[in-house]
Structure formats: structure tokens, C-alpha cells
Amino acid sequence: MKKEDQKAEKELREIRRQTALKNLVAQKLSGLAVAYFAQDEKSGYGSTPNDAVEQFLYKPAIEGANAYDLKSGEEFDLVYKSLLGSRKDGKRYSGQVAEYDIIKTGAEIIQDSLTAITVGDLMNLIGSENIPKGYADKYIADLAQSGDEKEKELAGNLIGLYLSYFTTKGVSKSLDMRAGAIKGGLEKLVQGEAK
């Protein structure tokens, strides 16, 4: 590969990495993805956490859930794009969009974004500075496509564990918000009785 081609490929990879990082910190996109991951029966979350996720993460995310296309870097509204993408033969108002498809797409964007970042980026996302030497600048996609089975396994574990962390953190956040709403309701109730 020519030096210019290598440089261009490296620049494109860095742009894709920066775009992926935007997706991974986008609050509304994260809300959609958490709704997808938490609703799965295998996730172990029951109805109360899922109700909290719906009320405090999913519903607010429906409006203006922006994501970034990893190839072009362009920002787009996921719900709007889903609505337009459901049209039949390009006719307005002809398609059907399932909520499930929207949250699944949000989850896929998060998963795809994980492969476009480095191990160091992932560790920074969880607030950890504990990165083994030689891995900070390694791309997760490179690990996943490595000929070394140990590196492939590492990539799979990094993605799987990060998604567990991501989902648990989102569910926890929604439960905290629910607890805050209940607390506020109790305070209003007591204040109303005291008058």
C-alpha cells in the first residue's frame, strides 16, 4: 500500500473513531439502545426496571434521537430516518415503523460504534485509566479480526462486558430517576396535607 493511501486510510479511521465516540456518548441514542438491551428476556431485568427505562430513557429519546453515520460522519435523527425509510415505493405515509426496529437500530449503532474505537477509548468511557501496555491504541475491530484467538476473544469480551455495563448503568439511571419522581410525589403529598 502506498504511503499516501496508508495516510488517507489512517485519517478515515480516525474520523470514524471520533464519529463512533459521539454515538457512544449521545444520551438519547443511548436511551434507545438501553431500552433494547434491557427488554431482552435474557438480560435479567424485570418489569420494574423496564418500566423505569421506558418512562425516563426511552420516551424522552424518541424525540430527537440523533446518531452519526460511521461512514459519512453525518448526523441524523434516527426516528425520522426510520419513518422515511419505511415508505413503500417512495410514497408518503405508506410504511410502518415498529418501535422495536427503532430501538434495535439504536443498539446496532452502539455496537458498531464500539468496533470503531480503541481499547483506550473504551476504558475512558467507563472512567478507567487501567489499560494494559500495548492495548491503549489498538482498535477493537483489529482485535476482533486478528489471527490470534486470544485477541479475538478479548475483543468479544470487551464488547460484551461493555454492553452489560452500558445497559446496567442506563437501567440504574432510570431507576434513580424513578425513585426521584416517587420522592417528589411523596413530598408534594405531605406538603398538600399540611396546608
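Which entries of LYS3/LYS138; LYS10/LYS150; LYS22/LYS88; LYS2/LYS150; LYS71/LYS138 have Cα-Cα distances beyond 22 Å here?
Beyond 22 Å between Cα atoms: LYS10/LYS150; LYS22/LYS88; LYS2/LYS150.
Counting other Cβ atoms within 10 Å, which trypsin sites (Lys or Arg not before Pro) in segment 66-95 have at most 15 and lie in a DSSP loop?
In loop regions of segment 66-95 (DSSP not H, G, I, E or B), the sparsely surrounded trypsin sites (Lys or Arg not before Pro) are LYS71, ARG87, ARG92.
With axes computed from alpha carbons, what is the tilt in degrees of helix 99-115 against the longest principal axis of the chain, rounded to the nearest 10 within 0 to 90?
For 99-115 against the chain, the angle is about 40 degrees.
Could you please state, rounded to a whole Å, how far the C-alpha centre of segment 146-164 is from the C-alpha centre of segment 42-89?
26
Among TYR36, VAL79, LEU57, whose Cα sits farthest toward the positive end of the charge dipole of segment 29-94 (+1 at Cβ of Lys/Arg, -1 at Cβ of Asp/Glu, about the Cα centre)?
Result: VAL79, furthest along the dipole toward the positive end.
Subtracting the Cα-Cα distance from 0.36 nm times the residue separation, let me have the gained length for GLU153 to TYR80 in nm, one decimal.
22.6 nm
Report the full-extension gain for the segment VAL97 to ASP51: residue separation times 0.36 nm, less the Cα-Cα distance, to one decimal in nm.
14.4 nm
Modelling each spin label as a point 7 Å along the Cα-to-Cβ direction, I'd like the GLU9/GLU187 distance in nm, to one decimal.
Roughly 5.7 nm, to one decimal.
Using mean Cβ contacts within 10 Å as the protection proxy, how do 36-42, 182-188 order, highest first?
36-42, 182-188
Give me the one-decimal nm value for the distance between modelled label points at LEU125 and LYS104, 7 Å along each residue's Cα-to-Cβ direction.
2.2
What aspartates and glutamates does LYS81 reach when the alpha-carbon gap must be under 16 Å and sequence neighbours fewer than 8 apart in one chain are set aside?
Here the aspartates and glutamates satisfying the reach criterion relative to LYS81 are GLU63, ASP69, ASP89, GLU99, ASP101, GLU108.
Taking the alpha-carbon distance from LYS59 and a cut-off under 16 Å, which lysines remain once sequence neighbours fewer than 8 residues away in the same chain are dropped?
LYS28, LYS104, LYS173
Beta carbons within 10 angstrom, averaged per residue: use that to sort the peptides 139-146, 154-161, 127-134, highest first.
Most protected by this proxy first, the peptides run 139-146, 154-161, 127-134.
Read through the labelled values [x] 16.9, 53; [y] 20.1, 79; [z] 17.7, 56 and report the label of the one computed as Rg and Dmax of the Cα atoms in Å from the structure.
Computing Rg and Dmax of the Cα atoms in Å and matching it to [x] 16.9, 53; [y] 20.1, 79; [z] 17.7, 56 gives [y].
Compute the relative contact order of the chain as a whole-number percentage, counting only Cα pairs closer than 8 Å that sit 6 or more residues apart in sequence.
25
Can you work out ³J(HN,Hα) from phi for every residue in segment 163-174, in order, using Karplus 6.51 cos²θ - 1.76 cosθ + 1.60 and θ = phi - 60°, giving whole Hz and x for Gly and Pro?
Going residue by residue, I get 5, 5, 4, 4, 5, 4, 4, x, 5, 4, 4, 5 Hz, with x marking Gly and Pro.
Only the coordinates and a few stated rules stand behind these numbers; no lab work does. Please read these numbers as outputs of a predicted model, since none were measured by experiment. Don't worry about glycine lacking a Cβ; one is built from the backbone with ideal geometry, like all the others, and counts go over all protein chains shown.
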